[in-house]
Amino acid sequence: MLLLKNMGAIIIKIEILKPGVIFKNHKDFCIKTGITYKNSTDSKKAQLKELARYCSFEKKGHSIIVNSRYAIPLPKKKNVKNAVYNELIEWLVLDILAQEHNNGRVYITKSKLISSLGFVNKNYFKHMHNKKEIALLIGADSYTVQDFYNTSQSSFKKAIETALKSLADRSMISYTSVFKVKENGQESRLATMEEKNAILVCQKKIMKKLGFAKLSQIRAKGKKVWRDFESQVNKELYLYNNISSYFQVYEIILNSKHLEEECISMLELLLKKAEQDTYTQEINEKACAKLLQNAKKRHTNSVDNLYRRESNYIQDISALIDMLIKSGSDSISDDLVSLDIGTLDKETIDVIANIFS
């Protein structure tokens, strides 16, 4: 029995696409794969573009030669400017869920998901608390580094949740944000209902104490203020319910039955390593381009933030992208360690002090 796959408005017999199969010309390809033959150049290009989602192939003269068929089709690329990451993210989320040890359910932090999907390199989270040192390393203002982290994380979160909402909208997954807690010396676990209520009570108490009405207002003040808030909440929680710390994770559950109805088996979802690397690399390239594009818009449209209007703002953001986002970038750990302010002259120290004050 031939398996059929939908190529946009086309149904193709994918079992035909075996390595080494040769179609003598485009018409022969259409007949054997069940595609309606159209003799226009644009139609042929569109059909071959769709074919490239299902297999790798080459053309020799009029012939089409299949090299290999993909375990799962590549995501269909949309001509929508804002759909930068969505389909690639969706596919990789499904791949994570399909891994045997996950059994169709994962609890994953936002930072872990950002890293797993290829948005950033290892420097990004490893050194996110070394913003002043990073600023010194590239010769930028520390506010620019903080701004970069704030805007990039907002961009990543939006992209991830857009993809998750799209999958949930098609009933392929369900997802929610849940609390995990730690007790002294214990592994993290899901919070009980009583503990969830305790977390909310303590958050509200500390928010009022610090003069905030919303969590988003605290986040907008930067990581230092947010860490102070979380530290105070943790202390309150320990007194309240003996919890040493808490954090939020995504709970994502795969609807495997729905996938089976769409003729996608769990085995098909297990991406080959080479394919997975291709997807994460493409996400990374798109992330780099998108972050630079957004920085240029902020630079052009900025009114209140004077440092965004500085002539070197785009150059600094580009350097941060190369250092913290771009796949394959060298580790900056040794460079940060080698920063020795004690060896600098007084004039340079005064400049640094002004930057970091």
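Okay, here's what the table says:
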item	result
Selection within region 47-56 - in contact with a strand residue (DSSP E or B) (Cβ under 9 Å, 6 or more places away or on another chain) and either β-branched (Val, Ile, Thr) or surrounded by fewer than 19 Cβ atoms within 10 Å (Cβ to Cβ) (or both)	Leu48, Arg53, Ser56
Pick from region 88-127, criterion β-branched (Val, Ile, Thr) and assigned to a loop (DSSP other than H, G, I, E, B), ranking: farthest from Ser177 (Cα to Cα)	Val120
Answer from Ser231, Ser174 - the residue that is part of a strand (DSSP E or B), under 21 Å from Thr109 (Cβ atoms) and not β-branched (Val, Ile, Thr)	Ser174
Residue in region 138-156 that is without any contact (Cβ under 8 Å) to a residue 12 or more places away in the chain and of a type in the set (D, E, K, R) present	no
Restricting region 108-125 to residues that are in contact (Cβ under 8 Å) with a residue 24 or more places away in the chain and touching a strand residue (DSSP E or B) at 6+ places or on another chain (Cβ under 9 Å), the residue that is surrounded by the fewest Cβ atoms within 10 Å (Cβ to Cβ)	Thr109
Region 296-338: number of residues that are closer than 27 Å to Ser115 by Cα, free of Cβ contacts under 8 Å to residues at least 40 places away in the same chain and of a type in the set (A, V, I, L, M, F, W, C)	3
Residues (modelled with pLDDT of 80 or more and surrounded by 17 or more Cβ atoms within 10 Å (Cβ to Cβ)) located in region 87-107	Leu88, Ile89, Glu90, Trp91, Leu92, Val93, Leu94, Asp95, Ile96, Leu97, Val106
Odd one out for Ala213 among (1) among the hydrophobic types (A, V, I, L, M, F, W, C); (2) in contact with a Leu (Cβ under 6 Å, 6 or more places away or on another chain); (3) in a loop (DSSP other than H, G, I, E, B)	(2)
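The values are calculated or read from the model by the stated rules, or taken from the named source; none is laboratory data. Fair warning: this is a prediction, and the values are worked out from it, not measured in the lab. So basically every Cβ, Gly included, is an ideal-geometry build from the backbone, and we count neighbours across all protein chains shown.
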